[in-house]
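Values quoted throughout were computed directly from the atomic coordinates according to the rules given, and no laboratory measurement underlies them. Since we're looking at a predicted model, the values are computed, not measured. Here the Cβ positions follow ideal geometry from the backbone for every residue, glycine too, while neighbour counts run over all protein chains shown.
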Amino acid sequence: MTGAGGVTGAGGVTGAGGVTGAAGAGGSGVGSPCVLGQSTVGGCTLFEIPARVKAWGIRIGILALLLGSAAVAIAAGPLHVWATGDTLQATDLNGAFKNLDDRLTALEGQAHAPSAFHATLTAATSIPANAITKVVFDHVDYDLATTGGAAGAYNPVTGTFVPNAGGVYLINCLVEFNFAPAATINWAVLLYKNGAVLANTDTTVISGALSQTITQQVTLAAGDAITCDAFHDSGTVSLEIQSGVVRNSFSATRLY
């Protein structure tokens, strides 16, 4: 049977462009395969995918493979060292991604909230003789523990530093005494941790003004209480710590 357009259906269909279909009923051509380069054969619409679309499809597919491999959780062995011509393997990609993830997790574990303060004394403070007395530094220059709305680590009312997080801290206290005693006396500055002496320094003097500083590196736990105290043995006379923000200060900084 010969149809319009020169289609012959004798046990098969021969259409324009030499396309041969499977055996049809009465040469109708039903069931003809779709072949690239033709417009319509046997009711099948055919088209050619442009080369540019194919290229982008390959690129997108590779990117999807990389991203998808990162989500697969598998035990990673030794990292693959890539060489020219190597075949891309999912296990190698997963191992590389897992190694990177582990390293980032380790670094994140070392990060900690900032903890540091600096306080000064704005009013003269009287220190009784023969009595270890806490110095209350009443002005806070900064307290990084207040970041994000958290409570400050140093209390300017009680003169106590209480860290919010444990770590290694560097603590410093500077005190300047002003006196004119008739006899030689001993002055001391002390750091206390939870009511026990952490460190102290003392000096023997006759008269005048004297600055003393004490610095200590110490491991603290969250909630430990640190204070700076002063002492002298001038008999029954109370002596004074001079006011002045550059002469008297109390500070702490978390190192690690």
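Looking only at residues of the stretch 79-120 that are loosely packed, with under 12 Cβ neighbours inside 10 Å and β-branched (V, I, T), we find that the one that is nearest to the chain's Cα centre (by Cα) is T105. Of all residues in the stretch 96-143, those satisfying the criterion of being within 27 Å of D202 (Cα to Cα) and of a type in the set (S, T, Y) are T120, T122, T125, S126, T133.
Yes or no, residue by residue, for (1) over 25 Å from D233 (Cα atoms); (2) touching a Gly at 6+ places or on another chain (Cβ under 8 Å); (3) among the aromatic types (F, W, Y); (4) part of a strand (DSSP E or B):
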position: K98; (1), (2), (3), (4): yes, no, no, no
position: A106; (1), (2), (3), (4): yes, no, no, no
position: F117; (1), (2), (3), (4): yes, yes, yes, yes
position: V140; (1), (2), (3), (4): yes, yes, no, yes
position: A145; (1), (2), (3), (4): yes, yes, no, no
position: G152; (1), (2), (3), (4): yes, no, no, no
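The conditions are (1) in a loop (DSSP other than H, G, I, E, B); (2) under 20 Å from T201 (Cα atoms), and A165 fails exactly one of them. Which is it? Failing condition for A165: (2).
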